[in-house]
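Step one of this worksheet: look at the structure below.
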Amino acid sequence: MSPFWQQYLPLAIILSSLLPGLIIFTLKETQVKLRISLNLLGVSIKLVLVLLMWQAVKAGQQFYFSLPFLPGADLVLQGDALSLLFVVLSSVLWLATTIYAIGYLEHSPLRSRFFGYFSLCVSATVGLALAGNLVTFLLFYELLTLATFPLVVHRGTAESLAAGRKYLAYTLSGGVILMLGVALLHSLVQSPLFTPGGYVAAVLSGNEGLLMLAFALMITGLGVKAALLPLHGWLPQAMVAPAPVSALLHAVAVVKAGAFGIIRLVYDVFGVESMYALQLAQPLMLLAAATILYGSWRALAQQDIKRRLAYSTISQVSYITLGVAMLGPLAAVGGLVHLVHQGVMKITLFFCAGNFAETLGIHKIRELNGVGRRMPITAMAFTLGALGMIGVPPTAGFISKWYLGLGAAEVEQPWLILVFALSGLMNAAYFLPVIYRMWFLPQSGPWPAEQRLSNRFETHWMLLFPVIFTAILLVLMGVFAGTELSPLSWAQLIVEREFRHD
Amino acid sequence: MIDLSNWLWPGAALGLGDEFTRPWWYFSLLLWLLFGGFSLLSQRHDPRAVRYWLFFVLCFAGNMLLIAALDAVSFYLGFSLLSLSAYGLVIHSNTAKARRAGRLYLQLAVLGEILLFSGLILRASAADGRFDWHSWQTVPLEPLTLTLLLLGLGLKAGFWPLHWWLPQAHPVAPAPASALLSGVMIKAGLLGMLMFLPATDTLMQQWAPLLLVIGLISAFYGILAGLLYTQPKVILAYSSVSQMGYLLLLFALLSLTGVAALPVLLAYVVHHGMAKGSLFLYAGMAGEAAGRIWRQALFWLAALSMMALPLSSGALVKTGLKTQLAAANLPAWLNGGALSQLLTMGAVLTALLLLHLAAQLRAPNNKQSNHTAKASAVNSAGRWAFLTLLVSALWLLPWFMVQQWQLAWPTLAQYAGLIWPLLLALLLRWLWYKLGWQLPAYWYNRNAAVLYYSLRLKRLYQPVSQQQRQWPAFSLRPLERRLNRMLQLLVVATTALLCCLMFVALIFSAV
């Protein structure tokens, strides 16, 4: 690839969604066709660019783009294997979500605003994935907060405004704490590029206390978005957002941004040796384990579909944190691959919940009785996603649990296997009754608010196809996990590169 | 061996290279096809036939996959496919009873899966990340791993004390499905034990006597419990618990005899699968056999084979079991002679249970058949033909066993040892009948306590009324509002004052 592209490709990937987003803001509400074509054009260009970058990174090429920004900290975009994992995930799921959102918001007001912020949100996510140092990461992290807020409050109801306020309160304070951490670290070591193996080892002696403080601050800041235990309060509230937004929030954008930040922090800023030297892994591991169990436990009692899914997200995202905190190669593979797998599974589940709500007006779990006969494809997709969450093979969820379990045994923390087992049991306890209701119970009454959205399919095709796509994807990722194209082999490549430095 | 590790999940490989997976595969395939053929006729007028066939096929696929699996992940895939899909067969009739049993089954199946998963993870990790179970055979077992695997697989195999779901789930399923559950599916647990718990392992050899005792207890428990019930399929399910006890005993003997017991184990599996399958099929259509000698004869042929009548497959495997027990090097606290006598007593009890079953099948309240209403004569004849086929295969089995696994025909003395328990059982049964011995009525047909606990468990994760705890709401919003209102009046003035003060401070500091 030419030097020009090596420099500007990361920027182009961000701009491919940023520019259409900015143009969409200026469009009139009635210019539906133009808006849709702009959206789809942005998605396709982004996918092509990401594909190019993926091939180049696989071949071992480097991407680097920088602008002067702060003294000692340029604005750096770079493409490495880890960032590609997240970029590919967000671009592919952006495609599905865009189509879904177009179908979902058909004939609803304020669509220009919605799609504008929607594109901004994805640009921020991709920027965060491509960020080359902590300062750039922080910048995009804050942008993401701001771009998501209008989406959360999109409906404008009292409930969604309350949720939005809570969301802002949590994430902005999280952002401030993260900034403090970054600033503290910056004063110690500046902000060099993310490097496998970390860069704090050089100043380790003498600065243990400050480094631990910086780590704690940054984990707190990132933990707000990653919904770690005491900081998860905003997530179940934020599910009042429209279904495509919750899907994006839970699968790609916000929650994953936190998890991705933790991965970067542990592997590319502190590095495995410094983590051991500072003994930071154990507390993080405990926190993540507690979050896993707590999220599953709270999900059991929820009667609202999306609320149950939200608590399930709290639990599942901590698998990623836990996999990273174990500091072993196999556990890292499990955590990284779960970043992708959880995203695809959770987006499927949220799409399905949106389909039930949009087509039949179903919001509560007890209203799901017999839905398998009315909407078999959506119910099937939901079943697959739920089985994946429980970790039943051959879905993608099993592969990540298998590697996380192996990783726990590898670093000789067998009690973590107990955590996975308990969480698996609870996952089964809150997903299997839902599946039972959908398929085995007869319909208990008329649907709360049925709409006929399509003559041929069970619901609007734009709502149905993304669900089918992600459901097939989650099975394929599990069944063909051993192939070259699977997220698993990509995660193994990342781990190989991360752990090779010594 | 088919290596799929570059195509499917990591380490995926299928193959039938072993002395036990190959016969297991063929035997399972045969039974699945036979019962599938039977289901074609028996589920013909079933309004939920599509559902039945869906789960049937999924179970079939899972079972075949787990037998052919060479790696742990494939085995686990097959195992969970089998376990979860069998739920659909258990609750097929959709009665309240079936749903209760199904719930218990599913709870225990999921628990078993998780235990198995943890055990496999620990095992794979101990084997340095190799997933194929052949290479695991040489890796020493650890107590935790062994416990997890025994519990996880045992919950499927259904021996005492992990048998809870079995007497609940088997009777409610349609006849061919319960025949499959008892004949083939619960053996999947045993196969898993054969694969993942190598008999030559030192820890396994230490634990084997314990397993042997558990197997014996299970063998007796199943029969004694079964005698207290009057529904034929419940009796048959308890009989399965008892027979799985014998199989566990044989599994333990594998470690104690240095795998010489393997042929007997395989023969026992095949024998039990066929005999129990025929009995379940018969129990499902006993109503059509009333007054027809040939149809009842089929029952007696199957039952007598299970009672180990000379020349039957039962006689072969029971004799083989005794021979292996005599050859095993038992620890000092286990007396070989006493064990052998216990086995003889077990034979008496088995015969007694089957006689009890025969009596219950003749009882008027158990005569109704699932098929009386709509079944045509051809359909009925076809089903009986399948049963005839199965029973004749069962009686041809001894010759096959002698050919295939070199089991020895019993000697005359051993024949005598086989016959007198039968006669004793007949005598006991007759006395029992004549003297009208009965236990107090509340001993019979008791509801299992485990159903109650299953419901309690369900209430734990699915509360009836939503008990959302209300946390004291702590909100900054009112405070914020009040602050805004207060500042509204003076906001410009305060800011200006603040600016002036800062400016003055700046000037002073400059001076």
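The values are calculated or read from the model by the stated rules, or taken from the named source; none is laboratory data. Small disclaimer: the values here were computed from a predicted structure and weren't measured. With ideal geometry, Cβ positions are generated from the backbone for all residues, glycine too; neighbour counts draw on all protein chains shown. Just so you know, the surface numbers come from the protein's heavy atoms only, side chains and all, with ligands and any DNA or RNA stripped out. Shrake-Rupley method; radii C 1.70, N 1.55, O 1.52, S 1.80 Å.
Odds and ends about this structure:
- Only protein heavy atoms count here; on that basis, with a 1.4 Å probe, B:Lys434 has an accessible area of about 130 Å².
- Total charge dipole magnitude, the stretch A:384-502, about the Cα centre, Cβ charges on Lys, Arg, Asp, Glu only, Debye to nearest 20: 480 debye
- Occluded residues from the stretch A:377-404, i.e. those whose accessible area drops by 50 Å² or more once the chain is not alone (1.4 Å probe): A:Pro393, A:Phe398, A:Trp402
- Remark: the protein assembly as shown carries a charge dipole of roughly 3900 debye about the Cα centre, counting +1 on each Lys and Arg Cβ and -1 on each Asp and Glu Cβ.
- P(r) weight above 28 Å for the stretch A:4-158, C-alpha pairs, percent: 22 percent
- Of interest is the spacing of the C-alpha centroids, which for the stretch A:290-314 and the stretch A:423-498 amounts to 18 Å.
- Heavy-atom surface analysis with a 1.4 Å probe gives the stretch B:201-270 a carbon and sulfur content of 72 percent of its accessible area.
- For chain A, the longest principal axis of the Cα atoms and the long axis of helix A:32-58 meet at an angle of about 40 degrees.
- By average C-beta atoms within 10 angstrom, highest first, the peptides A:466-477, A:451-462: A:466-477, A:451-462
- Computed [θ] at 222 nm, deg cm²/dmol, the protein assembly as shown (DSSP H ≥ 4; -39,500 (n - 2.57); rounded to nearest 500): -24500 deg cm²/dmol
- Residue mean of other protein chain beta carbons inside 10 Å, B:115-127: 5
- Once C-alpha pairs closer than 8 Å and six or more residues apart are averaged by separation and normalised to the residue number of the stretch B:287-336, the relative contact order reads 15 percent.
- Net charge, A:Ser90 excluded, C-beta distance under 10 Å - Lys, Arg +1, Asp, Glu -1: +2
- The separation of the stretch B:71-116 from the stretch B:407-427, counted between C-alpha centres, amounts to 39 Å.
- Residue ranking by accessible heavy-atom surface, 1.4 Å probe, largest first, among A:Met345, A:Met179, B:Met1 comes out as B:Met1, A:Met179, A:Met345.
- Nonlocal Lys pairs with alpha-carbon distance under 19 Å, the stretch B:2-461 (8 or more apart, or different chains): 11
- Ratio of the Cα radius of gyration of the stretch A:228-296 to 2.2 N^0.38 Å, where N counts its residues: 1.31
- Sparsely packed loop sites in the stretch B:249-345 (the chymotrypsin sites (Phe, Trp or Tyr not before Pro) outside DSSP H, G, I, E and B with at most 16 other Cβ atoms within 10 Å) comprise B:Trp333.
- Lysine pair count for chain A (Cα-Cα distance under 24 Å; residues 8 or more apart in sequence or on different chains): 22.
- Of the residues in the stretch A:161-178, those shielded by at least 10 Å² of accessible area once partner protein chains are present, compared with the chain alone at a 1.4 Å probe, are A:Arg165.
- Each peptide in A:284-296, B:135-147 receives the mean, over its residues, of other Cβ atoms within 10 Å, and ordering these scores from highest gives A:284-296, B:135-147.
- Rounded to 10°, Cα long-axis angle of helix B:477-510 versus longest principal axis of chain B: 50 degrees
- For the stretch A:366-502, the carbon plus sulfur part of the accessible surface works out to 63%, probe radius 1.4 Å.
- Compared with the dominant principal axis of the Cα atoms in chain A, helix A:487-499 is inclined by about 10°.
- Accessible area buried, both sides summed, chains A and B with 1.4 Å probe, Å²: 3200 Å²
- Take every pair of alpha-carbon atoms less than 8 Å apart whose residues are at least six positions apart; their mean separation over the length of chain B yields a relative contact order of 13 percent.
- Positive-pole candidate from A:Phe480, A:Leu418, A:Ala428, dipole of the stretch A:409-497, charges at beta carbon: A:Ala428
- Neighbourhood net charge (14 Å Cβ-Cβ; Lys/Arg +1, Asp/Glu -1) for B:Leu407: +2
- Other-chain or far-sequence residues with amide H under 5 Å of A:Leu75's (modelled H): A:Leu67, A:Phe69, A:Leu70
- Peptide A:40-49, shielding by other chains (average Cβ, 10 Å cutoff): 0
- Burial annotation for the stretch A:421-457: residues with an accessible-area loss of at least 20 Å² between the isolated chain and the complete set of protein chains, computed on heavy atoms with a 1.4 Å probe, are A:Ala421, A:Leu425, A:Ala429, A:Leu432, A:Pro433, A:Tyr436, A:Phe440.
- The mean accessible area for residues of the stretch A:131-278, using a 1.4 Å probe and ignoring ligands and nucleic acids, is 29 Å² per residue.
- Across chain A, Cα pairs under 8 Å and at least six residues apart give a relative contact order of 14 percent.
- The calculated pair-distance distribution of the stretch A:95-201 uses every alpha carbon pair, bins of 5 angstrom beginning at 0, and gives 2, 11, 16, 18, 17, 13, 9, 7, 4, 2, 0, 0 percent.
- Legend: Rg and Dmax of the stretch B:379-441, from Cα coordinates, 18.6, 49 Å.
- Here the stretch A:375-502 is treated as a sphere whose radius is the Kirkwood value from Cα pairs; by Stokes-Einstein at 4 °C and 1.567 mPa s it diffuses with a coefficient of 75 µm²/s.
- Global geometry of the protein assembly as shown, whether rounded, prolate or oblate, following the gyration tensor of its Cα atoms and the 1.5 cut on a/c: prolate
- Per residue accessible area in Å² of chain B, where ligands, DNA and RNA are left out and the probe is 1.4 Å: 45 Å²
- Pairs of Cα atoms farther than 41 Å apart, the stretch B:2-461, %: 13 percent
- Loop-located trypsin sites (Lys or Arg not before Pro) in the stretch B:272-332 (DSSP state other than H, G, I, E, B) with a sparse environment of at most 16 neighbouring Cβ atoms within 10 Å: B:Arg292.
- Distance histogram in 20 Å bins (all Cα pairs of chain A, percent per bin): 25, 60, 15, 0
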